[in-house]
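Taking it in order: structure first as structure tokens, then the write-up.
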Amino acid sequence: MDMPDPDQTYPIRLPDGSRHQGTIHVNRMLDHPNIDVGDYTYYSDFDPPADGAALAARLAPYLFPNSSEMLRIGKFCQIAHGTRFITASANHPAGLITSYPFQIFDPAHMANYHPDERDTRIGNDVWLGYNSMVLPGATVGNGVIVGAGSVVRGDIPDYAVVIGNPAQVIRMRFPEAEIETLNELAWWDWPAGKIAAHRLLIEGSDVTALAKAAATPS
């Protein structure tokens with residue numbers, strides 16, 4: 001079975017042969033020193049950004065080239081329209097008398113103003129639903145599903161389904177032993193040919209069958 005082309009900025013080809021501009025392989029358009037995105041991760045938008053700068057501003061509006069933190073997103077993630085990553089540079093000091101950021105108005109001190117320096121990390125094969133928001137320092141595990149409109153903070157375990165504000169785990173997608181197996185398999189790191197060969201199993205729900213097939217020499 002065919003795989004999407006990871007080198008193609010717009011991976012969906014429409015029946016008329018044109019490329020769907022509203023689905024974007026993020027790392028093929030984005031060029032930002034503080035954002036690292038794995039292959040096959042796509043972003044969907046009903047108002048497609050014109051270029052990498054517009055895409056960065058859409059996804060992570062407070063992450064600047066001189067920011068001290070990173071936004072790291074794994075492979076095969078699905079990022080829906082309206083998703084925003086509110087990274088650490090958006091934060092104001094919370095332990096002082098005032099939270100007013102005086103230093104950003106002083107060129108001599110602006111570059112050293114970092115009240116929050118935590119990275120934001122998104123695992124592999126994560127689905128971020130419509131208008132979801134990820135807050136500074138969040139860590140979202142592999143295989144997580146984030147419900148539409150959810151506000152994510154803290155650490156979200158692998159293969160959890162979360163909804164709400166703040167986002168809460170409503171269920172786990174697989175039993176603990178199967179989650180451990182899926183993380184060990186790490187199918188998202190396989191060569192494209194191996195993923196294609198086992199795609200029907202990856203698209204299924206039988207973790208044991210996938211593990212067995214992966215262990216069988218091709």
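The values are calculated or read from the model by the stated rules, or taken from the named source; none is laboratory data. As the structure is a prediction and not an experimental result, all values here were calculated from the model. In this analysis, Cβ positions are derived from the backbone assuming ideal geometry, glycine residues included, and neighbour counts consider all displayed protein chains. Protein only, heavy atoms only, side chains kept; ligands, DNA and RNA dropped before computing areas. Shrake-Rupley method; radii C 1.70, N 1.55, O 1.52, S 1.80 Å.
For this structure, a couple of remarks:
- For the set TYR62, TYR40, TYR159, solvent exposure ranked by accessible area (probe 1.4 Å, protein chains only) runs largest to smallest as TYR62, TYR40, TYR159.
- Taking max minus min of the alpha-carbon positions on each principal axis, region 52-126 gives extents of 41, 26, 19 Å, largest first.
- When all protein chains stay in place and ligands, DNA and RNA are ignored, the 1.4 Å accessible-area order of TRP127, TRP188, largest first, is TRP127, TRP188.
- The local environment of VAL161, defined by Cβ-Cβ distances under 11 Å, has a net charge of +2 under the rule Lys, Arg +1 and Asp, Glu -1.
- Ordered from largest to smallest accessible area (heavy atoms of protein chains, 1.4 Å probe), the residues SER18, SER132 come out as SER18, SER132.
- Within the chain, longest stretch clear of exposed GluC sites (Glu not before Pro) (DSSP loop, no more than 15 other Cβ within 10 Å): 1-116
- Stretch gain in nm, segment THR216-GLU117, where the contour uses 0.36 nm per residue and the Cα spacing is subtracted: 31.2 nm
- Distance between modelled label sites at TYR130 and ALA177, nm, 7 Å Cα→Cβ extension: 3.9 nm
- A Gaussian network model of the chain, with springs between Cα atoms under 10 Å, assigns the largest mean-square fluctuation among GLY95, GLY52, GLY129 to GLY95.
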